[in-house]
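Notes follow the structure.
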Amino acid sequence: MHQQAPTPAAPARAPAAGRITVAVITRNRRASVLRTLDRLAELPERPPVIVVDNDSDDATAAAVLDHPAGARVLTPGRNTGALGRNLAVRHATTPYVAFSDDDSWWAPGALATAADVLDTHPRLGLLAARTLVGPDAAEDPLNSVLAASPLPPDPGLPGPPVLGFLACASVVRRRAFLDAGGYHPVLFFGGEETLLAYDLAARGWGVAYVPSVTALHHPDPGGRPGRSAAQRRNEVLTAWLRRPAPLALRRTARLAAEAVRGEPAAGAALRGVLARLPAALRHRTPLPDRVEQAARLLDGRHP
C-alpha cells in the first residue's frame, strides 16, 4: 500500500533571547529605569538588556548594575542623547535590537513575535510596534496614524509601510540600523525617528507598522522640559538634511514666523535650528526620488 511521505516539520526557531536584545537609554531617572528593568526581567523571552547611562549624576549606573535583570551598562561619560542607542546597537550581539526608554517596556511575547516577523521578512529593517500608554493601556494616537499610512502596500513587508515611528516602540534589524548610520548626531534627541526612517528607506530597507507587536509606555505625567522645542527644531533640521531646499526653506520660514508671534517653544526651536544648520548642510544628502515621493505623500497629511 502506498504511503504518503510525512510533511517535513518546519525548522525550529531560535529562542527569542538568542535573537533579540533590548537597548535602553536613560539619564537621571534612576527609579524609572529600575521599574523598566523590573518589567523586562519578567518577560518570558528573558532578553539580554543593554542600558546606556547618559552621564547621570543620581547613581543610575550603580543601581542598574545591582538590579537582578543583569543588564550590561555602558557609560559613555557624557550625555549622548539618542546616539546612546547607536552605542547599544554596536555592542549588541543579536541580529535584532528592540528599543525601550526608561519609561517603557514590552508586552510578554512581543519580542518573540518581533523576532519571528523579522526572520520571515528579510527586507524589513525596522518594525514599528503598537503602543499602549499608561496603566489603562490606552491606544497611543500614533497607532491609528501608522495604520492608515497612505504609502502603497509592499508585499515584502508584514504591515503598512511607514516613514515614522516611536523610538521606544521599535525593533530594528541590527545590520540595517548600522547600514543606515543609526540616529543622526545633528539631531541629538527629540523627533529623531523620521530621519532614521528616511535613511533606512533610502538604502532599500523596509519600515512597517506591525500591530501584533506591543510596547507599553508609561510616561511621566509631568513630561520632559524642552522636548517640544527639540522636536520642532529637528523637524526643520531633518528637512535640511534630506528634503528639497525649497521645502526646507518654507519650514524654516514658518518656524521663524511662529517665533516672531511668540508661540510657545518656537523661539528656542529656531535658535536651535540656526545653531545646528551649518552641520546639517555639511551632512545634507537628498533622498532618492522614490523615497522623496513617499515623503511627499505623507506631507499631504502633515505638511
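For the reader, a short list of remarks on this structure follows.
- Candidates V22, V64: the one that is closer than 15 Å to S170 by Cβ, modelled with pLDDT of 95 or more and in contact with a helix residue (DSSP H, G or I) (Cβ under 8 Å, 6 or more places away or on another chain) is V22.
- Pairing residues of region 76-87 that are without any contact (Cβ under 8 Å) to a residue 60 or more places away in the chain with residues that are open to solvent by 20 Å² or more (accessible area, probe 1.4 Å) and part of a helix (DSSP H, G or I), at Cβ distances under 9 Å and at least 6 apart in sequence or on separate chains, gives P76/L83; P76/L87; T80/L87.
A quick yes/no check of all residues on (1) under 19 Å from A110 (Cβ atoms); (2) open to solvent by 10 Å² or more (accessible area, probe 1.4 Å):
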site	(1), (2)
G164	no, yes
R174	yes, yes
F189	no, yes
A197	no, no
R203	no, yes
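- Identity of the residue in region 32-57, assigned to a helix (DSSP H, G or I) and polar (S, T, N, Q), that ends up nearest to P219 (Cα to Cα): S32
- Selection status of T60, over 20 Å from L216 (Cβ atoms), buried (at least 22 other Cβ atoms within 10 Å of the Cβ), of a type outside the set (G, A, S) and out of contact with any strand residue (DSSP E or B) (no Cβ under 6 Å at 6 or more places or on another chain): no
- Every residue from region 266-293 that is among the small types (G, A, S) and crowded, with 18+ Cβ neighbours inside 10 Å: A266, A269, G272, A280
- Test for R130: is it in contact with a Pro (Cβ under 8 Å, 6 or more places away or on another chain), of a type outside the set (D, E), open to solvent by 30 Å² or more (accessible area, probe 1.4 Å) and not in a helix (DSSP H, G or I): yes
The values are calculated or read from the model by the stated rules, or taken from the named source; none is laboratory data. In this text the structure is predicted, and so the values were computed from the model without any measurement. Please note: Cβ atoms are built from the backbone with ideal geometry, for glycine as well, and neighbour counts cover all protein chains shown. Areas reflect the complete protein model, heavy atoms only, side chains present, ligands, DNA and RNA absent. Shrake-Rupley method; radii C 1.70, N 1.55, O 1.52, S 1.80 Å.
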